[in-house]
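Data first, discussion second: the structure below is written as structure tokens.
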Amino acid sequence: MEEHALIQGLRARDRQVQEYLYEKYSGALFGIICRIIYDADLAEEVFHDAFLKINQKIDSYDPAKGRLYTWMANICRNSAIDKTRSKEFSKSSKTNTIDDYVYAMESGSDTAAAVDGIGVRELMEDLNEEQRFIMECIYFKGYTHTEVAEKYNIPLGTVKSRVRSAINVLKKKADII
């Protein structure tokens, strides 16, 4: 299904289009959340909330600003980050067991396959090593610009510049496809 038809169907609240969207993208979107939230049950809860947001906010999606998948990925990523900043999460994370982390690491391999299946890894190949590293930290691991700067001792302005230049490369590649 073409992206334009998918967007129209979502805006029309077409149940078949919503099911298609879920079947096609749920694995990759859930994977984005799992890279941020290691608890499988909590990640699933965040995913369902994020998927509802996608359906509810589809009218605010602007194709001129980026592709549908990127918009959905940002909603999922932001929902996961918001959850990690909540009081509920900070209380529960203190009681997590090592099993939660082992499970998250084991289930992460499905995410890589799902992301590869929709061509994200192929697009990332066009980035230089520094850009790819920054984009993986921000979009796949869920770090903020500031967190990347602090954790890897990179000036914040450099992080932002690399993100901007990576997005420009990806936009050019996406226009070709």
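The values are calculated or read from the model by the stated rules, or taken from the named source; none is laboratory data. Owing to the predicted nature of the structure, the values given are computational and were not obtained by experimental measurement. Here the Cβ is made from the backbone with ideal geometry for all residues, glycine too, and neighbour counts use every protein chain on show. Surface areas here come from the heavy atoms of the whole protein model, side chains and all, with no ligands, DNA or RNA. Shrake-Rupley method; radii C 1.70, N 1.55, O 1.52, S 1.80 Å.
Before moving on, here are some points about what is shown:
- Flag for LEU127 being within 26 Å of TYR152 (Cα to Cα) and at pLDDT 75 or above: yes
- Where a residue in region 11-28 is closer than 19 Å to ASP59 by Cβ and its partner, wherever it lies, is exposed (fewer than 10 other Cβ atoms within 10 Å of the Cβ) and modelled with pLDDT of 90 or more, with Cβ under 7 Å and at least six apart: ARG11/ASP59
- Against the numbered list (1) within 16 Å of LYS83 (Cβ to Cβ); (2) open to solvent by 70 Å² or more (accessible area, probe 1.4 Å); (3) modelled with pLDDT under 90, ILE36 comes up short only at (2).
- Candidate set: region 157-177, residues that are at pLDDT 85 or above and surrounded by fewer than 13 Cβ atoms within 10 Å (Cβ to Cβ); chosen: the one nearest to ASP126 (Cα to Cα): ASN168
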